[in-house]
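First up is the structure itself, then whatever we jot down about it.
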Amino acid sequence: MQISYKTKGVCSRSILIDVEDNIVKKVQFEGGCNGNTKGIAALVEGMPVDEVIARLEGIKCGFKGTSCPAQLAEALKTNKI
């Protein structure tokens with residue numbers, strides 16, 4: 001399943017996520033801090049969806065109420081089967 005998620009409240013504009021058998025296979029952020037978003041993607045690829053959500057939800061970026069990692073968790077929660 002491919003998820004396309006429009007982010008809210010962060011520098012990245014959207015996230016493309018490939019999930020197969022409840023495992024995150026690929027993550028690609030559009031926009032945002034290039035090195036950080038590539039790092040997040042590399043770390044979560046191969047992880048179960050529930051583990052990614054548990055580790056990333058609630059993370060804040062500076063004074064923002066959310067972050068790119070938290071938006072990834074939200075995308076996975078919103079599109080969970």
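Values for this structure:
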read-out	value
Counted residues, region 58-69 - those being farther than 20 Å from Asp18 by Cβ and either open to solvent by less than 40 Å² (accessible area, probe 1.4 Å) or in contact with a strand residue (DSSP E or B) (Cβ under 7 Å, 6 or more places away or on another chain) (or both)	2
Among (1) under 11 Å from the mean Cα position of the chain (by Cα); (2) surrounded by fewer than 12 Cβ atoms within 10 Å (Cβ to Cβ), the one test that Lys77 misses	(2)
Residue list for region 27-56, restricted to those being β-branched (Val, Ile, Thr) and in contact with a Pro (Cβ under 7 Å, 6 or more places away or on another chain)	Ile40
Selection count where residues are within 16 Å of Leu16 (Cα to Cα) and without any contact (Cβ under 8 Å) to a residue 24 or more places away in the chain, scope region 33-55	8
Cross-chain or 6+ apart pairs with Cβ under 6 Å, region 21-32 first and without any contact (Cβ under 8 Å) to a residue 24 or more places away in the chain, then open to solvent by 40 Å² or more (accessible area, probe 1.4 Å) and in a strand (DSSP E or B)	Lys25/Asp18; Lys26/Asp18; Gln28/Leu16; Glu30/Arg13; Gly31/Arg13
Candidate set from region 11-57 (those that are modelled with pLDDT of 95 or more and on the phi > 0 side of the Ramachandran plot); member that is surrounded by the most Cβ atoms within 10 Å (Cβ to Cβ)	Gly31
Number of the exception - Ala75 against (1) without any contact (Cβ under 8 Å) to a residue 60 or more places away in the chain; (2) in contact with a Ser or Thr (Cβ under 9 Å, 6 or more places away or on another chain); (3) closer than 18 Å to Met1 by Cβ	(1)
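Residues checked against (1) touching an Asp or Glu at 6+ places or on another chain (Cβ under 9 Å); (2) under 14 Å from Lys77 (Cα atoms); (3) not polar (S, T, N, Q):
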{"residue": "Lys6", "(1), (2), (3)": "no, yes, yes"}
{"residue": "Val27", "(1), (2), (3)": "yes, no, yes"}
{"residue": "Glu51", "(1), (2), (3)": "no, yes, yes"}
{"residue": "Gly65", "(1), (2), (3)": "no, no, yes"}
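The values are calculated or read from the model by the stated rules, or taken from the named source; none is laboratory data. Small disclaimer: the values here were computed from a predicted structure and weren't measured. Reconstructed Cβ throughout: ideal geometry from the backbone, glycine too, with neighbour counts over all protein chains shown. These accessible areas exclude ligands, DNA and RNA; they are computed on the full protein's heavy atoms, side chains included. Shrake-Rupley method; radii C 1.70, N 1.55, O 1.52, S 1.80 Å.
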